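Have a look at this one.
The values are calculated or read from the model by the stated rules, or taken from the named source; none is laboratory data. What you are looking at is a predicted structure, and each value in this text was computed from that prediction instead of being measured. Using ideal geometry, Cβ is built from the backbone for each residue, glycine included, and neighbour counts are taken over all protein chains shown. Note: accessible area is taken over every heavy atom of the protein model, side chains too, but ligands, DNA and RNA are not part of it. Shrake-Rupley method; radii C 1.70, N 1.55, O 1.52, S 1.80 Å.
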Amino acid sequence: MRPSQAQVERLRALSGVHADWVNRNLDASVEFQPDAPERPEVSDYNLHYLDVNPPADAEQEFHEQARTLFGLDPETGRRV
């Protein structure tokens, strides 16, 4: 079942918010480390490598913006 047009528009807006957030918060110094000792021997790390280490307030900012787009309270995530 296709999502409603409103849902599609919200998801497009979320994509834009995410792209902007990544541009402002991407930690380019994080390296690809598939052989790091903390990784399990069998791992799909190389398929899902997303090491971004934003400050907690930056992560909170993204969640608040995303919640607002979807009509939720930005702080609690509850329906408004």
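When the residues of the stretch 1-36 are narrowed to those that are modelled with pLDDT of 75 or more and assigned to a loop (DSSP other than H, G, I, E, B), which ends up most open to solvent (accessible area, probe 1.4 Å)? So that I can check it myself, show each step before the final result.
Step one: of the stretch 1-36, the residues modelled with pLDDT of 75 or more are 1-26.
Okay, now just the ones that are also assigned to a loop (DSSP other than H, G, I, E, B), so 1-4, 26.
Numbers: 1: 228, 2: 166, 3: 62, 4: 65, 26: 98 Å².
This residue is 1.
Restricting to the stretch 40-80, and then to whatever is at pLDDT 90 or above, polar (S, T, N, Q) and assigned to a helix (DSSP H, G or I), can you tell me which residue is farthest from the chain's Cα centre (by Cα)?
68
What are the residue pairs meeting all of these: first residue in the stretch 53-80, first residue without any contact (Cβ under 8 Å) to a residue 24 or more places away in the chain and under 22 Å from residue 15 (Cβ atoms), second residue β-branched (Val, Ile, Thr) and surrounded by 12 or more Cβ atoms within 10 Å (Cβ to Cβ), Cβ atoms under 6 Å, and 6 or more apart or on different chains?
Partner pairs satisfying both residue conditions: 74/68.
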